[in-house]
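Q: One structure, pasted below without further comment.
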Amino acid sequence: MAYARELGLGLKLIGTAERADGGISVRVHPAFLYAGHPLASVDGAFNAVTVESDAITEITLSGPGAGGPQTASAVLGDVISAMIPPASTPETTERLPIVADARSAFYLAMEVDDQPGVLAQVAEVLGMQGASIRSVIQRGLGDQARLVMVLHPLLESRFYAAVRLIGQMAFVRSAPRAIRVLDEEFS
């Protein structure tokens, strides 16, 4: 977390639904966000929803998501819903395929031997998979080093292929760790 903070990132649990490549990508995952992202400042018992489109750019709504009054209101709403006939749901007008291989930026951390050429070899493997490095931190720890980087968005399959290759390199001391990064920043 200290390296993430040094890179200007904060951790949030994110649920996303977005159109991608003629389909829809839906997921829930932890992600790092830069301070300029509208969800970065949501803390504690508050929840938020950000809606983005070409027509409106971005709208963020936030409010309390937990606590006594909020929970009581939700429970009462569920009881009322159970007592009355279900509301009608409009017919779906468009069917979209699920996109499993979405683009994402990534935070990648690894423990490596502190020797010449390690960063270059990691960068080469990432580059072969189409990854571009946005930022990097390398700290020496005796004969070991910690290498942390944020990558620009790329297909998840390409990223994880690179991570598998990097994990097999002789200088890597433990399995690389990765987490998605929402790299959009709004003003």
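Q: Using the 2.2 N^0.38 Å rule of thumb for compact globular proteins, work out how the stretch 1-98 stacks up: its C-alpha Rg over that value, please.
A: Relative to the rule-of-thumb radius for its length, the stretch 1-98 sits at 1.40.
Q: Taking 0.36 nm per residue of separation and subtracting the Cα-Cα distance, what length does fully extending His29 through Asn47 add?
A: Answer, rounded to one decimal: 5.0 nm.
Q: By how many nm would the segment from Ala161 to Ala123 lengthen if fully extended, with 0.36 nm per residue of separation less the alpha-carbon distance?
A: Here the answer is 12.3 nm.
Q: Calculate the spin-label point distance for Val75 paired with Arg5, positioning each point 7 Å from the Cα along the beta-carbon direction, and give it in nanometres.
A: Spacing of the two 7 Å Cα→Cβ label points: 3.7 nm.
Q: Ala66 to Arg173: extension gain in nm, 0.36 nm per residue of separation minus the Cα-Cα distance?
A: That pair, Ala66 and Arg173, stretches by 34.4 nm at full extension.
Q: Right, another one. In the stretch 1-100, what percent of the accessible surface is made up of carbon and sulfur (1.4 Å probe, ligands and nucleic acids excluded)?
A: Looking at the stretch 1-100 in its full context, I get 61 percent from C and S.
Q: Please list, ordered by chain and number, the residues whose modelled amide H lies under 5 Å from the amide H of Phe46; skip anything fewer than 5 residues away on the same chain.
A: Gly65
Q: Specify which residue in the list Ala35, Ile56, Gly22 is farthest towards the positive end of the charge dipole of the chain, using unit charges on the beta carbon of Lys, Arg (+1) and Asp, Glu (-1), about the Cα centre.
A: Ala35
Q: If you take every DSSP beta bridge whose two residues both sit in the stretch 26-120, what share of them, in percent to the nearest 5, is antiparallel?
A: Once the DSSP bridges in the stretch 26-120 are tallied, antiparallel ones form about 100 percent.
Q: Which entry in (i) -0.31, -0.46; (ii) -0.38, -0.56; (iii) -0.26, -0.40 is this structure's computed log10 I(q)/I(0) by the Debye sum over Cα atoms at q = 0.08, 0.10 Å⁻¹?
A: (ii)
Q: Shifting gears a bit: Given a 1.4 angstrom probe, what's the average accessible area per residue across the stretch 67-143, in square angstrom?
A: 67 Å²
Q: What are the ³J(HN,Hα) values, in whole Hz, obtained from phi via the Karplus relation 6.51 cos²θ - 1.76 cosθ + 1.60 with θ = phi - 60°, for each residue of the stretch 148-164 in sequence order, with x given for Gly and Pro?
A: Once rounded to whole Hz, the list reads 10, 8, 10, 9, 5, x, 7, 4, 4, 4, 5, 4, 5, 5, 5, 4, 4.
Q: Show me, bin by bin at 5 Å from 0, the whole-percent P(r) of the stretch 114-187 based on Cα pairs.
A: The percentages, shortest bin first, are 3, 14, 28, 26, 16, 8, 4, 1, 0.
Q: Report for the chain the percent antiparallel among DSSP-assigned beta bridges with both residues inside it, nearest 5.
A: 90 percent
Q: Right, here's the next one. About its Cα centre, what dipole magnitude does the stretch 84-174 give when the only charges are +1 on Lys and Arg Cβ and -1 on Asp and Glu Cβ, stated in debye to the nearest 20?
A: 80 debye
The values are calculated or read from the model by the stated rules, or taken from the named source; none is laboratory data. On a predicted model such as this, the values are computed, not experimentally measured, just so you know. For neighbour counting, all protein chains shown are included, and Cβ atoms are generated from backbone atoms with ideal geometry for every residue, glycine included. To get the accessible areas, we keep the full protein, side chains included, count just its heavy atoms, and leave off ligands, DNA and RNA. Shrake-Rupley method; radii C 1.70, N 1.55, O 1.52, S 1.80 Å.
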